[in-house]
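Taking it in order: structure first as structure tokens, then the write-up.
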Amino acid sequence: MLLKIRHALLEITNQPNANAKQSAVIINNETIITSAGILQSYVRPMLPIVADENVCASTRIIRTLQQCKLIDVQSVDNDESRFLLFLNFQIMFDHRKLPQTSTQYAHTGRVDNILKRYRAKLLYIFSSEEISRNFHKLSNGNSLSEDTGHKEVLLTSFLILSTQPEKLNSRERFQRSLEHIVHYLRYQYSVRALDDVLIMYTPFGMENFYKTVSIGKVSNVLGHSNSSLFVLSNILPRFSEGSAVFNNKLRLIGLIVCTSFQYNQKSIDMTLVANFAYILRDFMQQLGIKITSFTLPREPSSHFAWERFLVIVEAAGKQGSGTFVKVQNKKFILTCSHVVFQVSSKVLCRNMHGAFESEVLWRNPHYGAAFDVALLSIPQNIPDRHCVRLAQTKPYLGQRIYNAGFPYFVNFNLKYDFNPSIFQGRVIRFTPALIMSDGCVQAGQSGGAMFNERGNLMGICVSNIKVDETVYPNFNSAVPVISIRSILEDYAQTNDIRKLNNLVANQDVQKLWSLANSSISKL
């Protein structure tokens, strides 16, 4: 059976001013799947959420989803179902197969509206344990609070609805339709960083933007043992939750669960996607339908071996990024001066094979100025293939780049946690003092690599641009490697650490850097 997967816009009409519109996926014009985040204006539990029988329906719903138990809305013998059945859902999607011809327009004198509305019936709500675990691991539990915890539960939960409620009595029919969808799992492949993706969504829930398309890349796959949650390079607007994410073969691989989340009381703009295979697997298991077990392990990128070049750097409880480099026959780690502290101090580092101590060989004492650079020692057992080559050519406007490092969601205390991210972008400005790019950079990526398409090191990521207290993660600056390459070569050739003092920028370079200096937000 061929699956017809369409984009749709789901709306709850009980309260027209509640902004309860959200993107969704509709399969074969009947089965609807979307994020339960659309319920945030309606499911408001009493706080704190306790294991008490005398609580409101919203509290029961959140408590059930926290336990990753299925809520069968069709069962009306409990308060949760009766509460949810009170909500009126409408689905809007393009049901017309062919566009109206000019002859049809001349005959009728009008053009039919492409979007048509249908009544939708809520069937089930469920939470995926795997997806929920990885989502809450992002901030190591820091984002969970009494005020926002229930919202995060809804973001990692999903709704199953139907456009044909009159056929709901036939559970066997519904299960057969699900079994056809399960065939998708036979063709699922591991999601990898730098894989191409296409997102179809309706920004802001506005019908005029229906079926907006965004092209991007996978930036991170969370966890080593599975790929139940992954990150996109695209920063999307609100109400994009529930949108479909397709791979380069236009196969459905995921649903967007959120476009921002809270970390240490700050809102982080980052698009997180739940793997469709895990959504479907967990739903069928909770429904009691047997399904073949499967794993989709994290696999390295097929572009270039960027992960092995990267290092997590931790100093005084703060985290940054670094890069293994080899200049002539000398190996060291390049990072930012503001990531580390005094010279000869020890910092804790981790690469893909484990943790190690590193010594600060040199750091620019003027870390708030141009060439915010530091050099760290490297273990003797690091092979040459783990060291990146320095770029030999100047960046040019529009050149494709890849900003890599460790933004936010890394817990340095985890023994085996090594999960770098990479964001594709373009060079939007170049001077001898800095490279500006539109590739996403988040806090924690300071000192991380800016690669070119060949996998050579073009720059060292330093900062985002901040204007009027707003940080723009897609507008950032990096130290150009081409400007400091000769100084690093002099140091490598002579082994004279004093040669690195030439990295302290002169007044001309400082003036070029100062264009962004007053509005820099350190990562």
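Pop out the carbon and sulfur fraction of the accessible area of segment 317-423 as a percent, whole number, probe 1.4 Å.
Working: 2280 of 4730 Å².
With neighbouring chains kept in place, the figure for segment 317-423 is 48 percent.
Evaluate the relative contact order of segment 307-522 (contact order divided by residue number), counting alpha-carbon pairs under 8 angstrom at least 6 apart; express in whole percent. Let's see the in-between values first.
Working: 559 pairs, mean separation 44.9, N = 216.
Reported as a whole number, the value is 21 percent.
Determine, at each q value in 0.09, 0.13, 0.14 (inverse angstroms), the log₁₀ of I(q)/I(0) that the Debye formula gives when each Cα of segment 229-387 is one equal point scatterer.
-0.48, -0.85, -0.92
Describe numerically, in nm with one decimal, the distance between label points set 7 Å from Cα along Cα→Cβ at V182 and at N78.
Label-label distance for V182 and N78, simple model: 2.4 nm.
Near the amide H of I5, under 5 Å away, which other amide H atoms are found, from residues 5 or more places off or on another chain, if H is placed in the peptide plane?
For I5, the qualifying residues are N28.
Within segment 417-458, which trypsin sites (Lys or Arg not before Pro) sit in a loop by DSSP and count at most 13 neighbouring Cβ atoms inside 10 Å?
Values: sites: R426, R429, R454; in loops: R454.
Taking segment 417-458 and a limit of 13 other Cβ atoms within 10 Å, the loop trypsin sites (Lys or Arg not before Pro) found are R454.
Residues with beta-carbon under 12 Å from that of L272, excluding L272: net charge, scoring Lys, Arg +1 and Asp, Glu -1? Intermediate results must be reported in sequence, preceding the final value.
Values: positive: K137; negative: E152, E241, D269.
Here the charged neighbours net out to -2.
What pairs in K4/K116; K121/K290; K69/K290; K21/K211; K137/K249; K21/K121 have C-alpha atoms more than 19 Å from each other? Mind showing how you got there, number by number?
Details: K4/K116 17 Å; K121/K290 25 Å; K69/K290 17 Å; K21/K211 14 Å; K137/K249 30 Å; K21/K121 15 Å.
From K4/K116; K121/K290; K69/K290; K21/K211; K137/K249; K21/K121, over 19 Å: K121/K290; K137/K249.
Give the span of segment 307-522's Cα atoms along each principal axis, as three whole-Å numbers ordered largest to smallest.
41, 39, 33
Leaving out ligands and nucleic acids, note down the accessible area per residue over segment 307-522 with a 1.4 angstrom probe, in whole Å². Walk me through the numbers on the way to the answer.
Details: 9200 Å² over 216 residues.
Averaged over the residues of segment 307-522, the accessible area is 43 Å².
List, in order, the whole-Hz ³J(HN,Hα) value for each residue of segment 117-130 obtained from phi through the Karplus relation with A = 6.51, B = -1.76, C = 1.60 and θ = phi - 60°; use x for Gly and Pro.
For segment 117-130, the Karplus-derived couplings read 9, 9, 6, 10, 10, 6, 9, 9, 10, 8, 10, 8, 4, 5 Hz, x marking Gly and Pro.
The values are calculated or read from the model by the stated rules, or taken from the named source; none is laboratory data. Remember, predicted model here, so these are calculated numbers, not experimental data. Methodologically, a virtual Cβ is constructed for each residue, glycine included, from the backbone with ideal geometry; neighbour enumeration extends over all protein chains shown. For the accessible areas, the whole protein counts, side chains as well, though only heavy atoms, and no ligand, DNA or RNA atoms are used. Shrake-Rupley method; radii C 1.70, N 1.55, O 1.52, S 1.80 Å.
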